[in-house]
1. Quickly run through the stretch 580-602 and pick out the residues that are open to solvent by less than 40 Å² (accessible area, probe 1.4 Å) and not small (Gly, Ala, Ser).
2. Under 6 Å between Cβ atoms, which residue pairs at least 6 apart in sequence (or on different chains) link something in the stretch 140-169 that is more than 27 Å from SER192 (Cα to Cα) and at pLDDT 90 or above with a partner that is surrounded by fewer than 18 Cβ atoms within 10 Å (Cβ to Cβ) and of a type in the set (A, V, I, L, M, F, W, C)?
3. So which of SER483, SER489, SER464, SER473 ends up being at pLDDT below 90 and either over 22 Å from VAL377 (Cα atoms) or not β-branched (Val, Ile, Thr) (or both)?
4. Out of the residues in the stretch 138-193 meeting the condition of being acidic (Asp, Glu) and under 25 Å from TYR594 (Cβ atoms), tell me which one is surrounded by the most Cβ atoms within 10 Å (Cβ to Cβ).
5. Can you tell me which residue within the stretch 242-274, out of those that are closer than 17 Å to PHE166 by Cα and open to solvent by 10 Å² or more (accessible area, probe 1.4 Å), is nearest to the chain's Cα centre (by Cα)?
6. In the stretch 337-368, which residue that is farther than 28 Å from ALA479 by Cα and open to solvent by less than 60 Å² (accessible area, probe 1.4 Å) is modelled with the highest pLDDT?
7. Please state which one of TYR549, TYR511 is buried (at least 19 other Cβ atoms within 10 Å of the Cβ), within 31 Å of the chain's Cα centre (by Cα) and farther than 13 Å from LEU151 by Cα.
Amino acid sequence: MGEQERGNFNWGLFLPGIAAALICIVLFSGTPRGIYNNGDYQQWSAAPLSDIDLVKGISNAAAMLVYVSVYGIGLILLTNGKKRIDQQVKAEYRLIAIYLLFSFLMSYPLAFQSRTHLPGDVGDEYRFIWYLNWGKKSFLGFMDPFHTDTLAYPVGTSLIFAEAMFPVSIISIPVQLISGVIFTYNFLVFASMVFSGYGIYKLVRYLTGDYNAAAISGLAAAVMPYRFAHLVGHLNLITTQWLILYIYFFTKAMGERKKFDTWMSVLFLTITAYTGFTYLFFAGVYTGAYLLWKLIVSFFNKRGNSKALNEHISVFTIVATTTLILSAPLMYLVVSEYGLFEHPDRTFESVINSADLFAYVTPPSFNPLLGPYVAGVEGKFSSFVSERTVYLGWSILLAAAYGVYQLIKSFKIDKKNDMDMVFWVFFGLFCFLLSLGPYLHVLGDVREDITLPYEYITNMPVLSIAKTPVRYSLIVAMAAIISAGYGLSRIKCKSKMLVYYVLITLVVVEYLPIPYITNRAPNPEWAIFLRDKPGDIVYELPGSTYSEYFQVYHDKTRLQGRLGGRMPKKTEEYTSGVDRDSKSMGAYFFVSKYKIDYFVVHKQKIDSLKNTLEYLSSEFGNPMYSDNDVIVYDTREKR
């Protein structure tokens, strides 16, 4: 079976899941929720459904539908090699629309707040807001995207190890220009869900030929707990679609040896490379494992093994060589700037950020139905909730187990897609072992007497790059979902559709995170006020979690700037010196030394606010701007 097989979707498949999600929204929309985060219990609550402005909410969701539809149709045309919209494109667009609807429901209330709120609880999302804006600014201004002087001025900083997602920034420029950066961030969140689901749908359909099984698998991939766990601010980690589409096309290229699939593999692998090193590494692990598997299978398959061996090597060589050429500027910067950064030993982090043995079968505490019963268990797992949440879902695991059973029952070594399924079973188990880290974790207890495979590869060249073993859980989830799709495609009983209805409903109930935590983006009024004012250098007291976000609006140069990631040693030393001087020097001398034009005070973060403001006013005169949160002094004439 494969891409040539035809079939029709049963759109009614998804109605029970949609109904289940809607019922849960009505029941739990305003219910207080809580999670254990690194040992501390944190509680939040979302606004009840009655408090949502339906007019604005529906308007936001409708705008999101338009953007995702436009990009989605473009992706469908691209991945199918078509120049016009035909019946296949329309069918796949309807599937994308269904995935988007589930994404709206499962992440409630985010879609209704997409112009004013961000998912998460004030974390790295504001760093990625800065990355999106910088990608747009550097692209339209023909500037170096991997270095900026607008932070840590005048030393600046390299962005080579920042996972700044430049292809995503460039692709999203039209959305940024029309609807702003907050909406764009949320657009990318929903696009990652929908397009990742679409990629898994394409892969499972190719492997099984079953449209319904593939559609269900795609839905599971779109809304899996891994995605909602990292939605708290890890935009780079929820952007899985490029990796998934690469895996789909490379699988097809190795199986059918068509030029189109080979060049699409190059395209999506190159995008993956420029988007971030984490998934580029995963792509490399998959490619090496899959190539080895295909070579072994071709060698033991008596029919035309020599020709197959040569074709597999040829496809791999084209993809690897072309991608390396296209990624050469990136690789050159990595090699040339590697020595400029500190590379601390992160062995301890690899121990903490390992999957617990029971985490794969323990529902996340953010699930409103199951969470209250497992919160105490999940709270024992190490690391933060974003890293420890690796739940696969019992419904998906049962379907995957049935798929493995059917695979064993009807296995034939010369059956191409059977061999691909066997690969995913073994590759999933391999990544499962790696995700457990160097030592076994059992309900939070680190068993250092039980050494696991990760311990032996953690210091090996290339493989040592991944210092957060729990993130291999993405590949484990993909393997489970693909195996589940295979199992669903092998159901032959008369009640097959009933099984599908029940499974979709269970997936929704098991994966449900509503109400999902969101935070309102702070008012950037003071930053907008500064935007057109003369002068360029801004200093904030103290540096705020939102500083990068505010810089998007005032578009000036900051004396500080860490972006929450790694910085070159020279930049680290400079910013540390600025911090020391800010504490030891008088305000006038500090401003004069660093030629600061605007001195910004965040009121809520100053302990002795009255004394601080009296002192600064005596040095710089009356503030040029003041509101409930911020005071801005114009220091240009005082330095």
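The values are calculated or read from the model by the stated rules, or taken from the named source; none is laboratory data. If you're wondering where the values come from, they're calculated on a predicted model, not measured in any experiment. As a convention, Cβ positions derive from the backbone with ideal geometry for all residues, glycine included, and neighbour counts pool all protein chains shown. Quick note on the areas: whole protein, heavy atoms, side chains included, nothing else; ligands and nucleic acids left out. Shrake-Rupley method; radii C 1.70, N 1.55, O 1.52, S 1.80 Å.
1. Result: ASP581, PHE590, VAL591, TYR594, ILE596, ASP597, TYR598, PHE599, VAL600, VAL601, HIS602.
2. Nothing qualifies.
3. SER464
4. So, considering only residues that are acidic (Asp, Glu) and under 25 Å from TYR594 (Cβ atoms), the one surrounded by the most Cβ atoms within 10 Å (Cβ to Cβ) is ASP149.
5. That would be TRP242.
6. Applying the filter and picking the extreme gives GLU337.
7. Answer to the check: TYR511.
Each row is one residue, and each column tells you yes or no for (1) surrounded by 14 or more Cβ atoms within 10 Å (Cβ to Cβ); (2) modelled with pLDDT under 95; (3) farther than 23 Å from GLY485 by Cβ.
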site	(1), (2), (3)
GLY2	yes, yes, no
GLU5	no, yes, no
TRP11	no, yes, no
PHE14	yes, yes, no
ILE23	no, yes, yes
ALA46	yes, yes, yes
ILE52	yes, yes, yes
SER69	yes, no, yes
LEU75	yes, no, no
